[in-house]
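Note sheet for the following structure.
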Amino acid sequence: GGNIDMTANSLFLRDGVVITTDVNGVVGGGDININANSNIELTGESLLGLTSIIRSDVLEEATGDGGNLNIETQNLIIRNGGRFSVNTRGNGNGGELKITACGIELNGSSSNQNRSGFFARANTGSTGNGGNLSIETENLNIRNGARISVSTFSKGNSGEVDIIAENIELSGI
């Protein structure tokens, strides 16, 4: 698949927006590269309950590997169900989620099903390995049920998580 490259001073993605390079066959997924000099904000749900998401997932029965997500910005804010994911539900392996920012704020949602955060999973029914997740930041704030999750629920191995931060604050449920 093709790549998605975005460069901006600030990027605001709200109310159920989806940016994806999902894999649905044998060809690997493209990468998503986002560079915002100032801010990236990913937040909110649509009227239909769909959350704002940036992902490169391997879909069911796909054999191609997932693409990578590379995010660079000064401030990254994810709220109310917004999420980044490099999951696999198929036979291909998940890609890598790499985030570089001075400040990262993950703030949960009131919905238990639409948790805000970063996800790299090998989901039920997959045989591929979950993706890796790396975060480099000065300040990481995780609040109100937001998540950083690297996990497996199937035959594939989970990926690894690597967080480099000067300050980490965890609060809320």
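The values are calculated or read from the model by the stated rules, or taken from the named source; none is laboratory data. Everything quoted here is computed from the prediction, not taken from an experiment. Neighbour counts are summed over all protein chains in view; Cβ atoms, including those assigned to glycine, are modelled from backbone coordinates with ideal geometry. Quick note on the areas: whole protein, heavy atoms, side chains included, nothing else; ligands and nucleic acids left out. Shrake-Rupley method; radii C 1.70, N 1.55, O 1.52, S 1.80 Å.
Could we say that residue 143 is surrounded by fewer than 18 Cβ atoms within 10 Å (Cβ to Cβ) and of a type in the set (D, E, K, R) here? Yes; evaluated as a whole, the condition is true for this residue.
Note on segment 5-22: among residues that are of a type in the set (A, V, I, L, M, F, W, C) and within 15 Å of the chain's Cα centre (by Cα), the one that is surrounded by the most Cβ atoms within 10 Å (Cβ to Cβ) is 13.
Scan segment 66-83 for residues that are modelled with pLDDT of 95 or more and either under 18 Å from residue 107 (Cβ atoms) or charged (D, E, K, R) (or both) and the total you get is 8. Among residues of segment 113-125 that are modelled with pLDDT of 90 or more, those with a Cβ under 9 angstrom from a residue that is among the acidic types (Asp, Glu) and open to solvent by 10 Å² or more (accessible area, probe 1.4 Å), sequence gap 6+ or separate chain, pair up as 120/96; 120/160. Just so you know, in segment 23-38 the residues that are among the polar types (S, T, N, Q) and either open to solvent by 40 Å² or more (accessible area, probe 1.4 Å) or assigned to a loop (DSSP other than H, G, I, E, B) (or both) include one that is modelled with the lowest pLDDT, and it is 24. Only one of these conditions is not met by residue 71: (1) part of a loop (DSSP other than H, G, I, E, B); (2) open to solvent by less than 10 Å² (accessible area, probe 1.4 Å). Which number is it? Among (1) part of a loop (DSSP other than H, G, I, E, B); (2) open to solvent by less than 10 Å² (accessible area, probe 1.4 Å), residue 71 violates only (1).
Selection of segment 147-161 for residues being modelled with pLDDT of 90 or more and basic (Lys, Arg) yields only 147. Of all the numbered requirements in (1) in contact with a Ser or Thr (Cβ under 9 Å, 6 or more places away or on another chain); (2) closer than 27 Å to residue 44 by Cβ, residue 169 misses one, and that requirement is (1).
Quick one: in segment 74-101, of everything that is more than 21 Å from residue 7 (Cβ to Cβ) and either in a strand (DSSP E or B) or touching a helix residue (DSSP H, G or I) at 6+ places or on another chain (Cβ under 7 Å) (or both), which residue is most open to solvent (accessible area, probe 1.4 Å)? The residue in question is 79. Inside segment 54-68, can you point out the residues that are part of a strand (DSSP E or B) and either surrounded by fewer than 24 Cβ atoms within 10 Å (Cβ to Cβ) or touching a residue at least 60 places away in the same chain (Cβ under 8 Å) (or both)? Of everything in segment 54-68, those that are part of a strand (DSSP E or B) and either surrounded by fewer than 24 Cβ atoms within 10 Å (Cβ to Cβ) or touching a residue at least 60 places away in the same chain (Cβ under 8 Å) (or both) turn out to be 55, 58.
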